[in-house]
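What follows is a short report on a single structure.
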Ligand code: ARG
Ligand code: ZN
């Protein structure tokens, strides 16, 4: 059956069957409704007769009644846009089966049976990229969360664990390489130029971890010897021609394997570990057992085509997927409400890994920046949900910054409170207790509680309450002692009007103004609405450094004299706190300026304070350049908008750009000297050279803001002299925002130079769609018509439209054209790839926090989408929640 054409599904809601286009609300799945499966599937054998346009699947399930189930005689097997070609029970053609909507129900008489089902798929017609699909001439699968049901009928839920035997055969010329989970146990030649392979994975796993890849691939091969002395074969598989860009991925894999042994005591458990890069992929990568499938952008790198940031992202994602082998695969999730069990924990693990591989403070700053840009707005908007959600309509919509990044912050807080050693005892106990099972977030918390010896009773609120806690802080002097008063509020979020006080661990230090030192950091835990903490031996009139290294994912509210922030920006010994002080200084100023609360005198005083701190950062010879690059970043516009209940994106942009231009002009000499110094550093992958490159483009950004002509001439010089993608992309980014002939020269050169390299052409698209050029909307429209634009490729779609949606100039154009553009792409993409289409909805969903004129335009776009009768569950859920 054609997987791309929807079969006529029985109406799910007979009452509305006749009522014309009134969109049906998809059913709501609730966490509290969890029931154990009625049937288990200890073993499954899959046989694939492969073809790009037609693949036949024969699946044999050994099913067994679950003693903990409800005893039902009916076996429910989930399906999605597939229909059975045949159904047999214990080898006999079965009559006792029927369809229930997309699902197949089989009546069974005994306690154990063998059910064999044939399905027919059209991989080349599968544009959703879930299930089995064709990408760039090869076949691959994506099954998390519910893609396996697009391949065959199965109880497609993560608490049904099976051992998989896979046989596949296909044309040898089209599919010279045949891969699945586990180990290859046999292979051979067939008739008519076909060949076959058999794979067996000894580790029971849920269906979402199944994977198959077939195609013309070439491997960069390596080995790793585990701590107990087993040799593991490693392969990074790519399309021929890409093999020269795989070494960093392979090195990152080896580093991950070693790090997980040393840091978490986790050893790899198969003799083979395969990574495959595919060019059409909805997300970043996928941790299928022994066969990780990656978006090419998180595999392929060489200095000419990948930036330093790309290298870091590859290392992080390779680590992330590898670490899932324990946090996700050996211990998996009971149901999808527990997603943060594996994702939050695995993000924390990849963050700690990257910190150990590079600079810990720089990594921390980057992670907090991502949290604030991506997660804080989620937490304060219509789609806010706890890290362990209570309900969903479409689980794909819950692969969010909240589940992933806030989930990681929540576990990091446990680690902070326990200390590293005791935290490790907790994770050891967790892996020990739950190995081979499908666990819950509660199981994790309990294991940390028992293993680390913490009382986490109240802490569990972090799993159930959504919203970013706001902590008001004030420091007073009483009887010669410093008193820190903290008051917390957790904002109301959809479905959660009342909130309880949460335990908030805050690292605190009190600085002596005279000496610039403090007498030690303390950890205070605010676990009431309000509390006071007395510091007996604090210096007189100290400067407060709070939430150091971002010990809690909260917003601190405290009006502070600029002088205190300038002091901390220059002297705090916690590098994160230095960054934070600089950010606060700028946020405080810009928020006041946007609110119209600054007269000319105050504005100039504010700028002077910022300029002074900025000059210190630009010229500090002690500072390493990687850190300098972080400190030079102004807070993102979306983060500034977060500080206001309702904001005017135009005003925020104008004020922030105004400050940037002022800094660029005021510190022109220092910035040019910096740009000259770092431009002389030769290319290497060492931290010093990477720092130089980071600062090079940062300096250029400010120089161009202060003086467009100087920016254009330095920009094109940096572009022409570039010996690596970091410098070339950095220069092009700056030039793309300028209206000058150098812009056209560089864009044309870049396109010609990298013709045929999809990942680099993505950069060419996104730099233009993300630019601050006054005609950026015209540029985006032209890019969407460019011959290299592809609606079927998520990377390409994102390179144009996600870049535009995140670009305040394009998106928030007062005409509403930006909103219209994003509304259009959602409607056009939804029938092709609903998962990717739904990712664009949250940008429009922020309308309540935007000034009224724009808000009504944003809302109108959402309503226009809601009118569509055939919306996917994905987009329907996001749009109705955003309007509701
Ligand atoms: N488990 C993958 C990861 O975080 C993400 C897969 C998400 N897939 C999806 N269709 N939502 O590494
Ligand atoms: Zn993950």
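Any read-out appearing in this document is the output of simple, stated calculations on the displayed coordinates, not a laboratory observation. Computed from a predicted structure; not experimentally measured. Positions of Cβ are backbone-derived with ideal geometry, glycine not excepted, and every protein chain shown enters the neighbour counts.
Treating the Cα atoms of the range 556-656 as identical point scatterers in vacuum, please give the log10 of the normalised Debye intensity I(q)/I(0) at q = 0.16, 0.20 Å⁻¹, two decimals.
Evaluating at q = 0.16, 0.20 Å⁻¹ gives log10 I(q)/I(0) of -0.68, -1.02.
Relative contact order for the range 556-656: what percent, with Cα pairs under 8 Å and sequence separation of 6 or more?
Values: 77 pairs, mean separation 29.4, N = 101.
Rounded, it is 29 percent for the range 556-656.
How long is the chain along each principal axis, judged by its Cα atoms, biggest number first, in Å?
So the extents along the principal axes, rounded to whole Å, are 87, 66, 64.
Inverting the mean 1/r over all pairs of different Cα atoms, compute the Kirkwood radius of the range 335-464 and quote it in Å.
It works out to 15.2 Å.
What is the distance in Å between the Cα centroid of the range 823-884 and that of the range 517-582?
40
As a footprinting exposure proxy, order 399, 404 by other Cβ within 10 Å, with the fewest listed first.
399, 404
I'd like the FRET efficiency for residue 848 and residue 489, computed as 1/(1 + (r/R0)^6) with the beta carbon distance as r and R0 of 25 Å, rounded to 0.05.
It comes to 0.85.
Distance from a point 7 Å along Cα→Cβ of residue 302 to each backbone N in the range 219-252: keep the residues under 12 Å and list them by number.
241-248
Work out how much length residue 570 to residue 537 would gain on full extension: take 0.36 nm times their residue separation and subtract the Cα-Cα distance, in nm to one decimal.
Value of the extension gain: 9.5 nm.
Evaluate the distance, in nm, between pseudo-label points positioned 7 Å from the Cα of residue 30 and of residue 723 along their respective Cα→Cβ axes.
6.5
Taking 0.36 nm per intervening residue step and subtracting the Cα-Cα distance, what contour gain separates residue 824 from residue 498 on full extension?
Working: separation 326, 0.36 × 326 = 117.36 nm, distance 3.72 nm.
Result for the pair: 113.6 nm of gain on full extension.
Please determine, in degrees from 0 to 90 and to the nearest 10, the orientation of helix 360-370 with respect to the longest principal axis defined by the Cα atoms of the chain, where the helix direction is its Cα long axis.
Rounded to the nearest ten degrees, it is 80.
Considering only C-alpha atoms, what is the centroid distance from the range 596-614 to the range 178-227, in Å?
The range 596-614 and the range 178-227 have Cα centres spaced 62 Å from each other.
Could you let me know the centre-to-centre spacing of the range 357-406 and the range 228-258, using Cα atoms, in angstrom?
29
Can you tell me how much longer the chain between residue 621 and residue 673 gets when fully stretched, taken as 0.36 nm per residue apart minus their C-alpha distance, in nm with one decimal? Please report the intermediate quantities before stating the final value.
Numbers: separation 52, 0.36 × 52 = 18.72 nm, distance 1.25 nm.
In short, 17.5 nm is gained.
Could you tell me how many degrees, from 0 to 90 and to the nearest 10, lie between the Cα long axis of helix 247-264 and the main elongation axis, the longest principal axis, of the Cα atoms of the chain?
90
So what is the diffusion coefficient of the range 473-552 in µm² per second by Stokes-Einstein at 25 °C and 0.890 mPa s, using a Kirkwood Rh over Cα pairs? Display every interim value, and only then the final one.
Details: Rh = 13.7 Å.
For these conditions, the coefficient is 179 µm²/s.
Once you place label points 7 Å from the Cα toward the Cβ at residue 709 and residue 109, how far apart are they in nm?
The modelled label-to-label distance comes out at 9.3 nm.
Using only alpha carbon pairs under 8 Å that are at least six residues apart, calculate the relative contact order of the chain and give it in whole percent.
8 percent.
For the pair residue 599 and residue 519, what calculated FRET efficiency results from E = 1/(1 + (r/R0)^6), where r is the Cβ-Cβ distance and R0 = 35 Å, to the nearest 0.05?
Computed FRET efficiency for residue 519 and residue 599: 0.30.
Could you work out the helix-only [θ] at 222 nm for the chain, with each DSSP H run of four or more residues adding -39,500 (n - 2.57) and the total divided by the number of residues, to the nearest 500 deg cm²/dmol?
Estimated from H runs of four or more residues: -12000 deg cm²/dmol.
Which ordering of 772, 50 is given by a fewest-first count of other beta-carbon atoms within 10 Å?
Ranked by crowding around the Cβ, least crowded first: 772, 50.
Roughly how tilted is helix 339-357, in degrees to the nearest 10 and between 0 and 90, from the longest Cα axis of the chain?
For 339-357 against the chain, the angle is about 50 degrees.
With r as the distance between the Cβ atoms of residue 136 and residue 644 and R0 = 51 Å, compute the FRET efficiency 1/(1 + (r/R0)^6) and round to 0.05.
It comes to 0.70.
Using a 10 Å cut-off around each Cβ, can you sort 740, 333 from fewest to most neighbouring Cβ atoms? Don't skip to the answer; put the middle values down first.
On the way: 740 18, 333 23.
The order, fewest Cβ neighbours first, is 740, 333.
Relative contact order for the range 473-552: what is it in percent, counting Cα pairs under 8 Å that are at least 6 residues apart? Walk me through the numbers before you get to the answer.
Working: 150 pairs, mean separation 30.3, N = 80.
It comes to 38 percent, rounded to a whole number.
If a paramagnetic tag sat 7 Å from the Cα of residue 654 along the Cα-Cβ line, which residues of the range 567-595 would have the backbone N under 16 Å from that point?
590-595
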